[in-house]
Structure formats: structure tokens, C-alpha cells
1. Can you pull a Stokes-Einstein diffusion coefficient for the chain at 10 °C (1.306 mPa s), Rh from Kirkwood over Cα pairs, as a whole number of µm²/s?
2. How do the peptides 19-31, 100-112, 62-74 rank, highest first, by the average count of neighbouring beta carbon atoms within 10 Å per residue?
3. Sequence gap at least 6, Cα distance under 8 Å: using those rules, report the relative contact order of the chain to the nearest whole percent.
Amino acid sequence: MTVTAPYGIDPHLLLGTLRRHATTVTVVTLSGGSGLPPVGFTATSFTSVSLRPQLVSFCLDRESTSWPAVQQARHVAVHLLAAGQHDLARNFATKGIDRFADQTTWTPGPYGMPLLHGVLATLVCEVDARVPAGDHAIVLGRPVHAEHRDAEPLLYHMGGYRRLDREATP
């Protein structure tokens, strides 16, 4: 299906098209600051930006309840979820709940960042910039701590969680 419009395409067509992009499920966490509870959310857009200087990015809707904390944060933790962490992914995608209620799933880390257990990879980043982009902001982070393990990623594709096919081509 192809549809064009003078100032963009039909929003449903755009969302349907973007759903075809498979991505590792990414959860961003940060300290709530000033005695407030920690903050966390799924970020559907995460990418490596640059190696010199080292930068990664994620996007967040500026109407999100997490935005005020991200707007003030000096550090964030970015977690790439591992296959089998569907429940953790759903937890951080659900609105109106205490996402950190299960204290067995995380521990305090550098800069007071909540670090999730059992993930594929974690990057603690110093926030470098917040760039307005439409109804979202692009948050650029400079990694200051990283860890990873060998495991399969939890993927998000076509509105659902997926795993990699075990066959790989060299």
C-alpha cells in the first residue's frame, strides 16, 4: 500500500510501516531524585549514534509521565532486554503502576540508577543533550559504565515480542 500526502502520510500507515522494524526491547531507568521513587519506561527508539565522541540515543514522548524526570536527569541507565524477559518488558510498558515494586528485578547502581537484573546489556549514560523532535525528544547519552553478557535479545516486531531464529548465516 502506498499513500502520499503533502505534509506526511496517514499516521496509521506510518505506524504500520514502522512496526516492521525489529528492535531489541529497551528499558530506560533513572533515579527519581530528591527522595522520589525511581523512574523507568520502555523506549521504542534506541540507537548507537557515534563512537567519537561516544554517544547513544533514545526517544521519549514529551507528554509522557517520565519526561519531567528525564528532562532533569544527569544520568540514565539503558537496558537491552534478553529473550525470556517478556514480563519485565510488559511491566515497564504498563502505565499507572509501580514499575519497581518487585525489588528482586533490580538493584541500585552507579549514580543511583536502578539496574535491571538478567538483561542482555546495560549502559549507564551521562545525559549530553535533549533535542526536541516533534512531540518527542531525542535524548543523547554519553556512556560512563557498560556491561553485557552473551544471550539472545528480546525483540519487538509487528506489535509483539519475538526471539531470533537460531539459524544464522555467516
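1. 93 µm²/s
2. Highest mean packing first, the order is 19-31, 62-74, 100-112.
3. Computed over the chain, the figure is 26 percent.
Read the figures in this text as sums done on the coordinates, not as results from a lab. Predicted model only: the values in this text are computed from it and were never measured. Cβ: placed from backbone, ideal geometry, glycine included. Neighbour counts: every protein chain shown.
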